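Shown next, in structure tokens, is the structure this report addresses.
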Amino acid sequence: MHTYDDFDWVEPGELKTMAMDDILWNLYLATKVNFYIPKLGGIVWPVDSHGEDDPPLGPLHVVTAVQPKPNPDSDDNLARIEVLEYELRVSGRVSIRAVGTSFDGTHSEESRAVFGLDDDEARSLGRRFGQVAIFSWAGSRWSLLASAHDRETHGSWRWEADV
């Protein structure tokens, strides 16, 4: 198995610059996230109008190890996800599989929904794994938080349960 040090990760300075790119930021905002958990799975959709108030899975953060530029399905990125999973497991963090997907379905990234982090801890985890931004889901807010910048966007959400 690979370790964290086997990979080069996007540096925080570059992540900060990327977080200020409105085109890239808007792509992140147009992302739905599918959560894979038996009998509780489903998709969270960001919405402009008032949404729901009680996340069915509780508060969580969505983090990936997929690097911002390469093919998200490459063997390299899949190995990075394994490193993220390993580090979460040895740190005692509970996580489940999640996949972020563009609204039109043309881009997907394997991710992990992580429980028990605050926003600063989640941003730090995202920064460590070379992420421009992470998602936060708590109460009525679905948020996009830059990992290496103070940029953030908050909105509402809608839940679509697996049938």
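Output the qualifying pairs, or none if there are none: Cβ atoms under 6 angstrom, residues six or more apart or on different chains, first residue in segment 142-159 and touching a residue at least 40 places away in the same chain (Cβ under 8 Å) and farther than 20 Å from PRO55 by Cα, second residue of a type in the set (Gly, Ala, Ser) and outside any strand (DSSP E or B).
Listed pairs, sorted by first residue: ALA146/ALA19; SER147/GLY126; HIS149/ALA19; ARG151/ALA19.
Surrounded by 14 or more Cβ atoms within 10 Å (Cβ to Cβ), free of Cβ contacts under 8 Å to residues at least 40 places away in the same chain and part of a helix (DSSP H, G or I): which single residue out of LEU84, LEU88 fits that description? Talk me through it step by step, then tell me what you get.
Numbers: LEU84 fails: free of Cβ contacts under 8 Å to residues at least 40 places away in the same chain.
Just a single option satisfies the conditions, and that option is LEU88.
Looking at the structure I just gave you, is ILE96 in contact with a His (Cβ under 6 Å, 6 or more places away or on another chain), hydrophobic (A, V, I, L, M, F, W, C) and in a strand (DSSP E or B)?
no
For (1) of a type in the set (Gly, Ala, Ser); (2) over 23 Å from LEU125 (Cα atoms); (3) part of a helix (DSSP H, G or I), each residue gets a yes or a no:
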| residue | (1), (2), (3) |
| --- | --- |
| GLU14 | no, no, yes |
| MET18 | no, no, yes |
| ILE23 | no, yes, yes |
| TYR28 | no, no, yes |
| VAL33 | no, no, no |
| PRO38 | no, yes, no |
| PRO46 | no, no, no |
| SER49 | yes, yes, no |
| PRO56 | no, yes, no |
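Consider ASP76 carefully, then state whether it is over 12 Å from the mean Cα position of the chain (by Cα), of a type outside the set (A, V, I, L, M) and over 23 Å from THR17 (Cβ atoms). Before the answer, list the steps.
Values: over 12 Å from the mean Cα position of the chain (by Cα): yes; of a type outside the set (A, V, I, L, M): yes; over 23 Å from THR17 (Cβ atoms): no.
The answer is no for ASP76.
Is there a residue being under 17 Å from GLU160 (Cα atoms) and not β-branched (Val, Ile, Thr) anywhere in segment 82-98? Lay out the reasoning, then the answer.
Just the residues of segment 82-98 that are under 17 Å from GLU160 (Cα atoms), to begin with: 97-98.
In the following step, the residues that additionally are not β-branched (Val, Ile, Thr) were identified as 97-98.
Yes, segment 82-98 contains a residue that is under 17 Å from GLU160 (Cα atoms) and not β-branched (Val, Ile, Thr).
Residue-wise test of (1) of a type in the set (Asp, Glu); (2) in contact with a helix residue (DSSP H, G or I) (Cβ under 8 Å, 6 or more places away or on another chain).
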{"position": "VAL114", "(1), (2)": "no, yes"}
{"position": "GLY130", "(1), (2)": "no, yes"}
{"position": "TRP142", "(1), (2)": "no, no"}
{"position": "ASP150", "(1), (2)": "yes, no"}
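Look through segment 128-158, keep the residues that are in a loop (DSSP other than H, G, I, E, B) and farther than 12 Å from MET20 by Cα, and return whichever of them is nearest to the chain's Cα centre (by Cα).
GLN131
Could you list, ordered by first residue, the pairs with Cβ atoms under 7 Å in which the first is in segment 114-134 and on the phi < 0 side of the Ramachandran plot and among the polar types (S, T, N, Q) and the second is modelled with pLDDT of 95 or more and not in a helix (DSSP H, G or I), at least 6 apart or interchain?
GLN131/VAL63; GLN131/THR64; GLN131/SER147
Within the group PRO55, PRO72, PRO68, PRO59, which residue is surrounded by 14 or more Cβ atoms within 10 Å (Cβ to Cβ), closer than 19 Å to ILE134 by Cα, free of Cβ contacts under 8 Å to residues at least 40 places away in the same chain and not hydrophobic (A, V, I, L, M, F, W, C)? Reasoning before the result, please.
Values: PRO55 fails: free of Cβ contacts under 8 Å to residues at least 40 places away in the same chain; PRO68 fails: free of Cβ contacts under 8 Å to residues at least 40 places away in the same chain; PRO59 fails: free of Cβ contacts under 8 Å to residues at least 40 places away in the same chain.
Step by step, each of PRO55, PRO72, PRO68, PRO59 is checked, and only PRO72 is surrounded by 14 or more Cβ atoms within 10 Å (Cβ to Cβ), closer than 19 Å to ILE134 by Cα, free of Cβ contacts under 8 Å to residues at least 40 places away in the same chain and not hydrophobic (A, V, I, L, M, F, W, C).
Regarding VAL10, is this residue among the β-branched types (Val, Ile, Thr), assigned to a loop (DSSP other than H, G, I, E, B) and without any contact (Cβ under 8 Å) to a residue 60 or more places away in the chain? If you could, list the steps in order and put the result at the bottom.
Working: among the β-branched types (Val, Ile, Thr): yes; assigned to a loop (DSSP other than H, G, I, E, B): yes; without any contact (Cβ under 8 Å) to a residue 60 or more places away in the chain: no.
For VAL10, the condition - among the β-branched types (Val, Ile, Thr), assigned to a loop (DSSP other than H, G, I, E, B) and without any contact (Cβ under 8 Å) to a residue 60 or more places away in the chain - is not met.
The values are calculated or read from the model by the stated rules, or taken from the named source; none is laboratory data. The shown structure was predicted, so the numbers you read here are calculated from the model rather than taken from an experiment. Reconstructed Cβ throughout: ideal geometry from the backbone, glycine too, with neighbour counts over all protein chains shown.
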